[in-house]
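Q: Once you've had a glance at the structure underneath, I'll fire off some questions.
The values are calculated or read from the model by the stated rules, or taken from the named source; none is laboratory data. As the structure is a prediction and not an experimental result, all values here were calculated from the model. Please note: Cβ atoms are built from the backbone with ideal geometry, for glycine as well, and neighbour counts cover all protein chains shown. Just so you know, the surface numbers come from the protein's heavy atoms only, side chains and all, with ligands and any DNA or RNA stripped out. Shrake-Rupley method; radii C 1.70, N 1.55, O 1.52, S 1.80 Å.
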Amino acid sequence: MRDQYDGIILGTGHNALVLLAYLARNGLRVVAVEKSNVVGGGLATEENPRFPGFFHNTHSFFHRALTAMPWYRDLELERHGLQYVEPELNAAVILPDGRSLEWWTSLDKTMDSFSEFSKKDGESLRNWVDEIRPIVERILLPEAQSPPISPQRRRELLSRSPLGRKLLSIAVRSPLEFVEQEFDDDVIRAGLLFFNGLREIDLRLKGFGHSIPALLAGRHTAQMCRGGSAKLAQALVDDIHEHGGEVRTGLEPKSILVRQDQAVGIELHQGDRIMAKAFVASGLNPQQTFLQLLNADATTRQVRAQAEGYQYNLLCPLFALNLALHEPPRYKAAEKRPELNRAFMVILGLERFAQFHEILGAHEEGEIPSPTIMWGACPTLFDPDQAPPNKHTAFMWEKAPYALHGSPQNWDIEKDRHGQELLHLWSQFAPNLTSDVVIDSFTRSPLDTERRLPNMREGDLLVGSLGNNQVGFNRPFAGAGQYRTPVRGLYLCGASTHPGGNITGLCGYNAARVISADLDLPIWWNPPQAEDSFKSL
Ligand SMILES: Cc1cc2nc3c(=O)[nH]c(=O)nc-3n(C[C@H](O)[C@H](O)[C@H](O)COP(=O)(O)OP(=O)(O)OC[C@H]3O[C@@H](n4cnc5c(N)ncnc54)[C@H](O)[C@@H]3O)c2cc1C
């Protein structure tokens, strides 16, 4: 095989697919090359091989405000049958004593729930939401949806306006300090930290004090894809095909070809070459891109050292227990509060602020945190088609260390036993989860995540920390931010670029603007301009 394209994209994570969809609509002949036999990366829905008809979302499931993403609108993905569901009781911490702290799609209802724990904290929540909402709309959203501005320029622009200065002053703290200083009740503090921790910002990082109130004030409610997360990948692929783009699976790149300092194609492990007239864009992590795929002489020693030094999140790896069920989990707490049986994201085992430090300590030691905090959902309550008629699927996730007892290989020995422990704990909250109701179960460890998606090094599902200065203009590292790299024609588009991991598609969306501009192609969509927004504050 020897092919010639305008551009090649490495990997078919959703960011790569979003980038490809925009460029295909720009008339370029572009192909995405995927090592696995399925597309979508973190958008995975697998049919249970032992019990056909049960579909499990083995990677991402809670897609926050997905339908509000600009690419969802621009690419008109609903034309391809894509549908999202946004359950009203969006998240609930269920306590052992039967009380629950709840996040609703309605802020008033969320406030009512907070006020049951502490009137003062309920009011603080309202005040913070009011205060930060304009910051979210006029600063943080345009910023996430634009190529990043240099830190100096950003600070200079934000310092010009009261709103910008307010953000800078709120951000000074860490999320941990924010919660500790602004809220009193232990359950509320724990809930806010965990709710934010689910987004995986390191809660100790100064400079992110705005992240928790921004999450509460913005449109960040969790949604799920009808038919399973993989349907989003399928809709993107359908759109790509409709516009002449190509997606090839089962092909693993061996190297990125560079001629006269310009990326010109890739060589595959099979020996074939695919050539690119204009660009190669990598949806992989910096170590894969700069150390495994580029020859040492294609970059400087400094760039290689920067890629080598790219860091991953200690707290991000997940352990997952997946179930096929005769009936949905029925929570004891729902006897008094029936709504809880329809809660979308259910969080169990979370009661105290100090648990954050306990989780952190356990991860540092390579041990599974105790007591267990888990969160998950029963997708079939909201989308019955993900299981046979009147049957259900459900899952729970737990933050767990990558190097268990010092080595990730230990997961292969311990994961099934640990899955049973998790099920036992879950059944203390939902007593109907007995062997009569559980048809099948399987686990996925942080090591399994890395095996499936090697870009998620050390099982880090965000593909890199926001610490170590790996944020905004400097993500993944200084000189390779803004989606361009030191090698001409080589771009980055995965979660190790701004604004980072999770299913946002914004890395690919922003990369599309940068690549189109470099190739003198029209920007046919209407992206926000962060710099203009900042100037008009
Ligand atoms: C268990 C789990 C649960 C999660 N839950 C959520 C959630 O609920 N909500 C949320 O928003 N996010 C969640 N995430 C995170 C989210 O899935 C990721 O942050 C996101 O998928 C990253 O997207 P990406 O576009 O960078 O690429 P990825 O989705 O990581 O895809 C990368 C692609 O590149 C391919 N690839 C890797 N190496 C190579 C190679 N050498 N050559 C060619 N191809 C290669 C992979 O096979 C994959 O297809 C979860 C992740 C995991 C693992």
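Q: Evaluate the charge dipole of the chain about its Cα centre and quote only its size in Debye, nearest 20, assuming +1 on the Cβ of each Lys and Arg and -1 on the Cβ of each Asp and Glu. Don't jump to the answer; show the numbers that get you there.
A: Numbers: 55 positive and 65 negative charges, 277 e Å.
Roughly 1320 debye for the chain.
Q: With the dipole of the chain worked out from charges on the C-beta (+1 for Lys and Arg, -1 for Asp and Glu) around the Cα centre, which of TRP397, LEU20, SER150 lies farthest toward the positive end?
A: Toward the positive end, the furthest listed residue is SER150.
Q: Considering Cα pairs under 8 angstrom that are at least six residues apart, work out the relative contact order of the chain and quote it in whole percent.
A: 24
Q: For the chain, with all protein chains present and a 1.4 Å probe, just round the carbon and sulfur fraction of the accessible area to a whole percent. Don't jump to the answer; show the numbers that get you there.
A: Details: 9960 of 20770 Å².
The computed percentage sits at 48.
Q: Find the relative contact order for the stretch 106-220 and round it to a whole percent, using C-alpha pairs within less than 8 Å whose residues are 6+ positions apart.
A: This gives 34 percent for the stretch 106-220.
Q: Moving on to the next point. Nearest-5 percent of antiparallel DSSP beta bridges in the chain?
A: Of the beta bridges lying entirely in the chain, close to 65 percent run antiparallel.
Q: Sticking with this structure for a sec: If you average the sequence gap of Cα pairs under 8 Å that are 6 or more apart and divide by the length of the stretch 384-499, what percent do you get for the contact order?
A: Values: 101 pairs, mean separation 17.5, N = 116.
Dividing the mean separation by the residue count of the stretch 384-499 yields 15 percent.
Q: Then there is this: Whole angstrom only: what separates the Cα centroid of the stretch 255-315 from the Cα centroid of the stretch 430-493?
A: Value for the Cα centre distance between the two parts: 18 Å.
Q: So, in Å, what gap is there between the alpha-carbon centers of the stretch 61-100 and the stretch 201-224?
A: First find each Cα centre; the distance between them is then 16 Å.
Q: With a 1.4 Å probe and every protein chain left in place, work out the accessible area per residue of the stretch 106-220 in Å², rounded to a whole number.
A: Per residue, the stretch 106-220 has an accessible area of 42 Å².
Q: Where Lys and Arg each count +1 and Asp and Glu each count -1, what net charge lies around VAL39 among other residues with Cβ under 15 Å from its Cβ?
A: In short, -2.
Q: Sticking with this structure for a sec: Does the stretch 227-321 come out rounded, prolate or oblate by the C-alpha gyration tensor, with a ≥ b ≥ c the root eigenvalues, rounded set by a/c under 1.5 and, if not, prolate when a/b is larger than b/c and oblate if not? Please report the intermediate quantities before stating the final value.
A: Values: a/c = 2.33, a/b = 1.15, b/c = 2.02.
Oblate.
Q: Ok, one more. So how do 330-339, 245-254 stack up, highest first, on mean other-Cβ count within 10 Å?
A: 245-254, 330-339
Q: Of the listed peptides 57-65, 312-320, what is their order by residue-averaged count of other C-beta atoms within 10 Å, with the highest listed first? Could you put the intermediate results ahead of the total?
A: Working: 57-65: 21.4, 312-320: 23.1.
Those peptides, ordered most packed to least, come out 312-320, 57-65.
Q: Is the stretch 38-147 best put as rounded, prolate or oblate by its Cα gyration tensor, with a ≥ b ≥ c the root eigenvalues, rounded for a/c under 1.5, and otherwise prolate when a/b is larger than b/c, oblate when not?
A: oblate
Q: Given charges of +1 on the Cβ of Lys and Arg and -1 on the Cβ of Asp and Glu, with all other atoms neutral, how large is the dipole of the stretch 106-220 about its Cα centre, in debye to the nearest 20? Can you show the working numbers first?
A: Working: 18 positive and 18 negative charges, 147 e Å.
Dipole size: approximately 700 debye.
Q: Oh, and also: Can you give me the angle between helix 186-197 and the longest principal axis of the chain, using Cα atoms only, in degrees from 0 to 90, rounded to the nearest 10?
A: So the helix axis and the longest Cα principal axis differ by about 20 degrees.
Q: Okay, moving on. Through the Karplus equation 6.51 cos²θ - 1.76 cosθ + 1.60, θ set to phi - 60°, convert the phi angles of the stretch 464-474 into ³J(HN,Hα) values in whole Hz; use x for Gly and Pro.
A: Karplus-based 3J(HN,Hα) across the stretch 464-474 equals x, 6, 8, x, 6, 6, 8, 9, x, 4, 9 Hz.
Q: So for the chain, Kirkwood radius off the Cα pairs, Stokes-Einstein at 20 °C and 1.002 mPa s: how many µm² s⁻¹?
A: 90
Q: Heavy atoms of the protein only, probe of 1.4 Å, neighbouring chains included. What is the accessible area of ILE368 in Å², nearest 10?
A: 40
Q: For the stretch 18-102, with every protein chain kept in place, what is the accessible area per residue (1.4 Å probe, Å²)?
A: 35
Q: Under 20 Å between alpha carbons, and skipping anything fewer than 8 positions from LYS415 in its own chain: which lysines qualify?
A: Cα-Cα hits under 20 Å: LYS399.
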